[in-house]
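Student: Got a structure here, written out as structure tokens. Questions coming.
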Amino acid sequence: MTPLQLSRLIADAAADKKARGIVRLDIRQKSSIADYFVICEGDTDRQVRAITDAIIEAARAKGVRPLRTAGYEEGSWVVLDYASVIVHVFLPGERSYYDLESLWKAPARTRASASSGNGEKKAPSKRRESPPKPARPSRRRVRTA
């Protein structure tokens with residue numbers, strides 16, 4: 001089963017249990033931890049566990065088992081790790097707080113560095129610095145006797 005097929009199977013199993021806001025994110029270009037995230041939510045901790053159970057059963061029927069499961073007992077954020085697909089089943093408050101969709105959809109940010117990427121240091125820029133501004137006179141009046 002390909003990662004794409006598995007992500008579709010998981011999304012369908014979640015939909016069968018009335019999961020809301022089902023999103024499949026293709027993260028192949030952004031991370032090496034997985035190919036897809038499947039994110040959804042249930043209204044209560046009981047529904048979150050029911051959605052999780054349905055996903056596990058649907059994948060098991062195809063011969064696929066999660067490598068790890070976390071958060072099942074609490075039922076506020078359950079993570080299922082299928083290696084190429086990572087599933088997040090949230091309660092609505094947890095989902096909006098962690099906001100994984102915008103985190104993984106955001107463009108990659110780069111940090112400016114002193115290196116040009118090949119190990120050589122870049123020469124400092126020859127930007128002209130403006131002369132320091134003269135100190136402003138104080139507007140405070142000092143009384144003299």
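Throughout, read-outs are computed from the coordinates displayed, never taken from laboratory work. Source: prediction; values computed, not measured. In this analysis, Cβ positions are derived from the backbone assuming ideal geometry, glycine residues included, and neighbour counts consider all displayed protein chains.
Student: From the phi of every residue in region 87-99, what ³J(HN,Hα) in whole Hz does the Karplus formula 6.51 cos²θ - 1.76 cosθ + 1.60 yield, where θ is phi - 60° and glycine or proline is x?
Tutor: 3J(HN,Hα) across region 87-99, in whole Hz: 10, 10, 10, 10, 7, x, x, 5, 5, 5, 5, 7, 6.
Student: Please compute P(r) over all alpha-carbon pairs of region 3-98, binned at 5 Å starting from zero, and give each bin as a whole-number percent.
Tutor: Bins of 5 Å from zero give 3, 15, 28, 27, 19, 7, 1 percent of pairs.
Student: Ok, one more. Would you please put 4-13, 90-99 in order of how densely packed they are, using the mean number of other Cβ atoms within 10 angstrom per residue and starting with the highest?
Tutor: Working: 4-13: 19.1, 90-99: 15.3.
For the peptides 4-13, 90-99, the packing ranking is 4-13, 90-99.
Student: Another one. What is the magnitude of the charge dipole of region 3-98 about its Cα centre, with +1 placed on the Cβ of each Lys and Arg, -1 on the Cβ of each Asp and Glu, and no other charges, expressed in debye to the nearest 20?
Tutor: 280
Student: Going 7 Å from the Cα of Glu101 in the Cα-to-Cβ direction, what parts of region 25-56 have a backbone nitrogen less than 11 Å from that spot?
Tutor: From region 25-56, the list is 25, 39-41.
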